[in-house]
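Remarks on the structure that follows.
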Amino acid sequence: MPHPIYQVRAVEIVEPYTLRVQFTDDTEQIVYLKPVLAGELYGPLLDLKLFNQVAIDLEVKTLVWPNGADFDPATLHDWPKYKDAFAARAREWERISA
C-alpha cells in the first residue's frame, strides 16, 4: 500500500515560533514549534534569531535550520496528529538534561 510523499513548497513566519507551511499537495499547516524546542538539536531554535533562519532544503523539500535541525515533511503535514507526542518528548529531553 503506497503512502503519500509530502514536500514543503513554501514557509512563512507568522508569529514567534509559528510557521505557515505550504505543501506540494496544495494543503497548508500552521505549526507552533516552541513546545518541541528542546534538546541538543532543537533547543538552540529557542533563539529567535536562529529560528527565523528557517529555509526549505531544495533537495528533500523540508524545513531546515543552519544548525542542522529539520523536520520530516510528513510530520509537518500532519502536525496536529504529532504535536503532543513531540512536546512530551521535548519535556523528557529537558528533564534528562537538567
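The values are calculated or read from the model by the stated rules, or taken from the named source; none is laboratory data. Nothing here was measured: the structure is a model prediction, and the numbers come from that model. When we count neighbours, we look across all protein chains shown, and the Cβ atoms used for this are built from the backbone with ideal geometry, even at glycine.
Figures for the structure shown
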{"item": "Leading residue by the ranking (surrounded by the most Cβ atoms within 10 Å (Cβ to Cβ)) among those in segment 52-61 that are β-branched (V, I, T) and at pLDDT 95 or above", "result": "V54"}
{"item": "Considering residues of segment 19-30 that are acidic (D, E) and at negative phi only, the residue surrounded by the fewest Cβ atoms within 10 Å (Cβ to Cβ)", "result": "D25"}
{"item": "Close pairs from segment 13-29: first farther than 16 Å from A55 by Cβ and without any contact (Cβ under 8 Å) to a residue 24 or more places away in the chain, partner surrounded by 13 or more Cβ atoms within 10 Å (Cβ to Cβ) and of a type in the set (F, W, Y), Cβ under 6 Å, at least 6 apart", "result": "T18/Y32"}
{"item": "Pick from segment 60-87, criterion assigned to a helix (DSSP H, G or I) and small (G, A, S), ranking: nearest to V21 (Cα to Cα)", "result": "A74"}
{"item": "Test set (1) part of a loop (DSSP other than H, G, I, E, B); (2) crowded, with 17+ Cβ neighbours inside 10 Å - A90 fails condition number", "result": "(1)"}
{"item": "Hits in segment 41-59 (condition: out of contact with any Leu (no Cβ under 8 Å at 6 or more places or on another chain), more than 19 Å from F86 (Cβ to Cβ) and aliphatic (A, V, I, L, M))", "result": "L48, L58"}
{"item": "Output for segment 31-51, where each listed residue is more than 16 Å from E92 (Cα to Cα) and exposed (fewer than 13 other Cβ atoms within 10 Å of the Cβ)", "result": "D47, L48, K49"}
